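Here is the structure we will look at, set down as structure tokens.
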Amino acid sequence: MNYFAHPSAVIDEPCQIGDGTKIWHFTHLMRHCIIGKNCNIGQNVFIAPGVVLGNNVKVQNNVSVYEGVVCEDDVFLGPSMVFTNIINPRSAVTRKGQYKNTIVKRGATIGANATIICGIEIGTYAFVGAGAVVTGSVPAYALVVGNPGRQTGWISENGCKLVFNKEGLATCDESGQQYMLEDNTIKKLDHGR
């Protein structure tokens, strides 16, 4: 066992857990989930069967990751954010065969208390603000806030808001990395500071 699990954590076998991962108090990992290397799974987290978390995923306290969710490498899931996996749940109607997949692409952040409606994709390095309710797919590098969630701008890989000039160029204040906005799509340029 090359990972840490707090004694109060429940890990159903079989599941796959990568080296260097930490699983904290009162967390439950169900069978057949796949957790990558160097992840941090906070307190009171639930991971459903078949969920896939890539390497270096950070899951903060009180998050439930339901069947059908895939998070690629370097994803951040903020405290108490919520995934869904059924569009029209009813207590008296069984819809387990109707789970919709949700994909969170590499480097994306989902803020505290955000709700992600199932069947969508959160793009590479996108940033969903705290409390947002996201009902549709989010483009790469997009900043989405509010209820319902709406795009209010663009964000760098370092998490800094990008301001584009009239030529469609922006530079991340933190990293110096440059980005091009063309046809409502962001492209990271090969050069920076």
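One table, with the values for the structure above:
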item: Residue tally, condition in a loop (DSSP other than H, G, I, E, B) and among the basic types (Lys, Arg), over the stretch 58-107; result: 4
item: Within the stretch 176-193, considering residues that are outside any strand (DSSP E or B) and under 23 Å from the mean Cα position of the chain (by Cα), the one surrounded by the fewest Cβ atoms within 10 Å (Cβ to Cβ); result: Asn184
item: Residue match in the stretch 157-175 (condition: of a type in the set (D, E, K, R), surrounded by 12 or more Cβ atoms within 10 Å (Cβ to Cβ) and within 17 Å of Ala140 (Cβ to Cβ)); result: yes
item: Any hit, the stretch 168-177, residues being under 27 Å from Val45 (Cα atoms) and touching a strand residue (DSSP E or B) at 6+ places or on another chain (Cβ under 6 Å); result: no
item: Some residue of the stretch 88-103 being of a type in the set (A, V, I, L, M, F, W, C), within 19 Å of Gly149 (Cβ to Cβ) and touching a Ser or Thr at 6+ places or on another chain (Cβ under 8 Å); result: no
item: Test: residue in the stretch 52-67 that is closer than 28 Å to Gly136 by Cβ, in the same structural domain as Asn113 (by TED's automatic domain parsing) and touching a helix residue (DSSP H, G or I) at 6+ places or on another chain (Cβ under 7 Å); result: no
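Residue-wise test of (1) at pLDDT 95 or above; (2) polar (S, T, N, Q).
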site	(1), (2)
Asn62	yes, yes
Glu72	yes, no
Lys96	no, no
Gly107	yes, no
Gly111	yes, no
Ile120	yes, no
Gly136	yes, no
Ala142	yes, no
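The values are calculated or read from the model by the stated rules, or taken from the named source; none is laboratory data. Computed from a prediction, not measured in an experiment: that's the story for all the values here. When we count neighbours, we look across all protein chains shown, and the Cβ atoms used for this are built from the backbone with ideal geometry, even at glycine.
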